[in-house]
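The next block holds one structure in the form of structure tokens; read it before the comments.
Just so it is clear, none of the values below were taken in a lab; they were calculated from the coordinates. Worth saying up front: this structure is predicted, and the values here are computed from it rather than measured. Note that we place each Cβ from the backbone using ideal geometry, even for glycine, and neighbour counts take in every protein chain shown.
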Amino acid sequence: MIATSSTALWYTTRATGIVALVLLTGTLVLGILTAGRMRTRSWPAFAQADLHKRVSLLAMVFLAFHVLTSVLDTYVNVGWAAVIVPFASPYRPVWTGLGTVGVDLILAVAISSALRQRIRARTWRGIHWLAYGSWPVAMSHSLGMGTDASKLWMDGLAGVCSLAVIGSLVWRIGEYRKSRDRAISAGATTRSVSVRASERIETALSRSPVRSIPVRPGPGGTTTQIIERDRP
Amino acid sequence: MSAQPRIAVRFRVDPVACDAYGYCAELLPERVTLDEWGYPVVDGTPVDGDLVAFATRAAAECPRRAVLLEAVPVRRQGQPGSAPDGDGPGGRNVPSVGGFRRHP
Amino acid sequence: MSVTTLATAERLLFVDGGAASPLDLSGHIATHGAVAIPTRGDHSWKAGMFRAVAESGLLGRGGAGFAAAAKWDAVYRDPRRPMVVVNAMEGEPASDKDRVLLTYSPHLILDGAEVAAAVIGASEIVICIADHNGSAASSIEAAIGERRQAGMTARRMSVERPPGRYVTGEESALVSWLNHRPALPILRIDKSVPLNVARRSVLVHNAETLCQIALIARHGPEWFRQAGTLEAPGSTLVTVTGAVRSPGVLEVELGTPVAEILGRAGADVDLSAVLVGGYGGAWLDASRLATPYAPGPLADAGATHGVGVVIALPATSCGIAETAQLVRYMAGESAGQCGPCVFGLPAIADDLEQLAIGRADVEALDRIQRRSAVIVGRGGCRHPDGVVRVVRSALEVFVADAMAHAEGRPCPGYDHPTVLTFPESPATGRRSP
């Protein structure tokens with residue numbers, strides 16, 4: 001029997017929770033930068049993608065400890081069910097439940113990434129979008145639990161994390177708009193911009209400074225007769 | 001450089017899957033450069049020696065799994081068969097980077 | 001066989017009294033004769049037919065020009081159950097030959113499909129016709145009905161109507177569509193492994209190729225080789241348009257000089273150049289019209305045989321303007337899957353358009369050449385390669401014009417409506433299950 005006092009477990013829960021939150025923020029920011037194809041001379045894009053994966057693993061380790069210590073702590077009754085089932089904890093069900101929701105989302109992302117080769121690309125991507133949801137859930141869980149929430153350093157930390165996430169989101173949306181405009185000006189059809197193909201060609205041809213016979217329906221551009229044989 | 005694995009691969013990109021992430025050009029600049037729109041221009045010269053690890057890493061990191069590595073038979077002296085790939089703008093002669101050590 | 005004394009090769013299309021009439025089953029048998037296609041061919045028949053097609057040296061008439069026998073070999077070796085797909089899509093806008101064959105000789109196409117099916121052991125034939133080609137589809141459906149009534153039911157025949165875009169005529173795009181996926185090309189690493197539809201290996205042939213096979217089955221490879229050249233035997237259908245008095249579809253022996261083809265279509269104005277091979281082919285200067293229409297000589301002249309297409313450009317037209325419109329159209333017809341094509345073709349079109357109206361900057365010609373070199377071979381299919389070939393040939397054939405345009409002096413012809421025409425393109429749809 002491990003002779004840890006409840007207080008030690010309590011401190012560990014709070015500490016690992018905060019670290020997990022910071023790491024989760026880092027994971028999210030790196031993920032947004034990766035999706036937005038951010039690269040600099042000293043920070044190539046593949047390195048950021050790689051770092052994103054590694055930081056997410058670290059975040060999950062701390063999250064696991066956070067969950068474990070919170071359940072093992074006998075001072076408050078959380079119960080094993082609450083690890084996966086939201087709002088199943090007798091102790092502060094709402095705020096704990098939010099944490100559970102976060103764990104569920106992160107578990108889904110983790111499992112789908114582990115099975116990435118076996119599942120369809122679209123499925124993986126869809127589940128990965130859930131990761132966006134895990135961050136505000138984790139943040140509200142942290143602030144709502146309240147133990148350190150009112151302290152200045154915790155508020156400051158939450159503020160910095162939020163700024164980082166919002167800042168990278170703003171950057172990301174800008175990048176998305178830029179690439180979409182570039183695709184439209186190229187006359188390209190990207191996955192997210194669906195322009196009816198015939199309109200696209202008609203517009204391009206009619207906007208061309210070169211005149212051509214107006215586009216018209218029908219097969220081919222030829223008349224339909226077969227050349228008659230020269231009579232000998 | 002004594003214990004060289006005697007395998008060589010040819011680096012190829014599936015242009016349909018490729019979405020111009022550019023990781024391959026970062027990891028294997030000896031074979032991949034990017035055109036003005038960010039898509040890879042691949043040198044079909046086989047990759048051997050130290051570079052194979054980078055080619056493998058590029059294939060693993062590509063978010064769209066667009067990198068295809070073709071095994072190339074290695075001739076007796078350890079020189080890979082050198083006919084450049086038909087695809088792509090012909091085989092350019094890439095200077096050897098044998099003496100330059102990096103960590104994949 | 002001398003190439004200079006060609007008479008009209010009258011094999012696929014029989015024109016009597018100045019007009020051709022569609023051949024129904026009895027007319028077809030009266031004109032071409034009957035051919036016995038076994039329901040379940042024994043090995044010696046299959047081997048004999050395969051040898052006949054191989055010895056005939058028949059090259060595919062769909063644009064790629066692969067040896068027909070090589071395709072049969074690949075499908076025959078594949079362990080999966082085979083099927084035959086007739087590619088009558090006519091994705092090339094400047095070509096009309098598939099529609100002509102479907103309307104006037106549908107039974108020849110079906111005969112060829114049945115011969116191929118008998119050799120590879122297929123029991124299903126799917127005929128693919130563009131969705132906008134209703135009359136051709138009715139014609140072939142009527143022909144299938146006739147055969148059913150006559151008891152020729154050895155193989156199941158059905159007609160499919162994929163969307164009529166430029167790329168849907170490409171083999172892998174067509175097969176994708178038959179597999180209920182978008183009609184877009186896929187990357188094929190090993191072309192010797194046949195494509196598959198619902199796990200059955202697929203033999204895809206152009207409609208005209210199958211007609212030639214039907215004739216080889218009747219008359220044998222030596223007869224087939226009596227027309228055409230040594231490397232490219234047989235006859236072929238060529239669609240002639242542009243500045244000619246009687247545009248339309250001609251049957252010629254392979255190796256006929258382009259000038260003679262133009263002559264038969266009534267070209268009587270001064271021509272500056274001729275576009276051969278289709279919108280992914282190449283320009284041929286007016287001084288080179290003696291070039292025989294065959295793969296080898298055309299390749300030597302920097303062009304390609306492609307699909308049988310000859311478009312006559314009068315001297316009053318502007319080749320740069322025509323090419324600009326062509327590239328713009330082809331950019332729009334891109335499958336949209338590969339960056340070099342999606343971004344490269346519109347970029348080249350931009351520069352060509354500015355060049356056409358005489359407003360290009362000094363770098364434009366260099367940019368066009370540079371981009372052409374960088375996009376070639378980097379797409380999932382040969383679409384950008386064809387466009388680059390047209391562009392490069394244009395800058396060579398119309399070099400004087402290009403220089404003048406680049407200096408801000410466009411030729412007077414740039415303002416005329418173009419000779420090349422472009423059909424309205426429907427949106428790409430999916431095959432209904």
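Summary of computed values
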item	result
Tail weight of P(r) past 19 Å, computed on alpha-carbon pairs of the stretch C:83-193, percent	46
Cα→Cβ-extended label distance, 7 Å offset, between A:Lys151 and C:Asp42, nm	9.5
Computed E for C:Ala315/C:Ala67 - FRET, C-beta separation, R0 56 angstrom, nearest 0.05	0.90
Intensity falloff of the stretch C:245-337 expressed as log10 I(q)/I(0), Debye formula with alpha-carbon point scatterers, at q = 0.12, 0.20 Å⁻¹	-0.37, -0.98
Amide proton proximity set for C:Thr418, modelled H, under 5 Å, gap of 5+	A:Ser212, A:Ile213
Helix axis angle, C:319-332 relative to chain C longest principal axis, alpha carbon, degrees	60
Per-pair calculated FRET efficiency, R0 = 51 Å: A:Arg116 and C:Arg370 via Cβ, rounded to 0.05	0.85
Local electrostatic count, C:Val193, Cβ distance below 14 Å [Lys/Arg +1, Asp/Glu -1]	+3
Under-5 Å amide H pairs with C:Ala294, H placed in peptide plane, nonlocal only	C:Gly255
Helix C:106-120 axis, angle to chain C major axis (alpha carbon atoms, nearest 10°)	70
Per-peptide average of other Cβ atoms within 10 Å, ordering A:38-51, C:245-258 highest first	C:245-258, A:38-51
Inter-part distance where the stretch C:303-345 and the stretch A:56-93 are each reduced to a Cα centre, Å	64
Environment charge at C:Asp361 (Cβ cut-off 12 Å; Lys +1, Arg +1, Asp -1, Glu -1)	-3
Relative contact order of chain C, defined on C-alpha pairs under 8 angstrom at six or more residues apart (%)	17
Placed amide H near B:Leu34: partners under 5 Å, 5+ positions off or other chain	B:Val41
Average beta-carbon neighbours from other chains, 10 Å sphere, peptide B:33-41	6
Theoretical FRET efficiency, 1/(1+(r/R0)^6), r = Cβ-Cβ of A:Ile166 and A:Arg41, R0 30 Å, to 0.05	0.70
Dipole magnitude (debye, nearest 20) for the stretch C:132-281, charges at Cβ of Lys, Arg, Asp, Glu	860
Descending semi-axes in Å of the stretch C:219-290, equivalent ellipsoid built from Cα gyration tensor	25, 13, 11
Alpha carbon centroid spacing (whole Å) that separates the stretch C:151-166 from the stretch A:131-184	56
GNM flexibility winner over chain C from C:Val159, C:Val310, C:Val86 (Cα, springs under 10 Å)	C:Val159
Reachable lysines, given that their alpha-carbon falls under 26 Å from the alpha-carbon of C:Lys97 and they are not under 8 places away in the same chain	C:Lys71
Total formal charge among the other residues, if their Cβ is under 11 angstrom from that of C:Val274, Lys/Arg +1 and Asp/Glu -1	0
Simple label model, 7 Å out from Cα along Cβ direction - C:Arg245 to B:Glu36, nm	4.7
Which of C:Gly306, C:Cys211, C:Thr316, positive extreme of dipole for chain C (C-beta unit charges)	C:Cys211
Most positive-pole-ward Cα, C:Gly278, C:Pro221, C:Pro295, against dipole of the stretch C:208-295 from beta carbon charges	C:Pro221
